[in-house]
Amino acid sequence: MKNRKICYMVPAVILFIAIITIMAGFKANAQDKKIPEGVYKYYRTIEVNSGDTLWSIADKYADSSYISKENYINEIKKINNISGDTIHSGSYLTISYYSEEFK
């Protein structure tokens, strides 16, 4: 009888862990603050110049719509499939930005 109770609990525990993991993933992917209505998210391509770093690009393009510059950098890395922190002069990156102008 004791083994039967354990057999019923294992799927419930696994389901609970899966739900918590999925919820944590959604929270981790929340890159932006709550964006007000009438503000739109866009993407553009920029050329990496000599001396540019992911941080200098974040300084230039990340505005107050983002939770942090670190989140902006993580978004750039995800969009451009970058695993490290190295970018090369002459290459191109897709970045995001917000605008009140509907394009």
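The values are calculated or read from the model by the stated rules, or taken from the named source; none is laboratory data. Worth saying up front: this structure is predicted, and the values here are computed from it rather than measured. Virtual Cβ from ideal backbone geometry, glycine too; neighbours counted across all protein chains shown. With ligands, DNA and RNA removed, areas are computed over all heavy atoms of the protein, side chains included. Shrake-Rupley method; radii C 1.70, N 1.55, O 1.52, S 1.80 Å.
Between a first residue in segment 76-87 that is of a type outside the set (V, I, T) and a second residue that is modelled with pLDDT under 95 and surrounded by 15 or more Cβ atoms within 10 Å (Cβ to Cβ), which pairs have beta carbons less than 9 Å apart while being 6 or more apart in sequence or on different chains?
These pairs meet every condition: K78/Q31.
Please identify the pairs in which a residue from segment 27-41 that is in a strand (DSSP E or B) has its Cβ atom under 8 Å from the Cβ atom of a residue that is modelled with pLDDT under 80, counting only partners at least 6 apart or on another chain.
Y40/K103; K41/D32; K41/I35
Quickly run through segment 38-58 and pick out the residues that are open to solvent by 50 Å² or more (accessible area, probe 1.4 Å) and either of a type in the set (V, I, T) or closer than 18 Å to I79 by Cα (or both).
Of everything in segment 38-58, those that are open to solvent by 50 Å² or more (accessible area, probe 1.4 Å) and either of a type in the set (V, I, T) or closer than 18 Å to I79 by Cα (or both) turn out to be Y40, K41, Y43, R44, T45, E47, T53, W55.
Identify all residues within segment 60-103 that are open to solvent by 90 Å² or more (accessible area, probe 1.4 Å) and either on the phi > 0 side of the Ramachandran plot or in a helix (DSSP H, G or I) (or both); write none if there are none.
Scanning segment 60-103 gives K60, E70, K78, N81.
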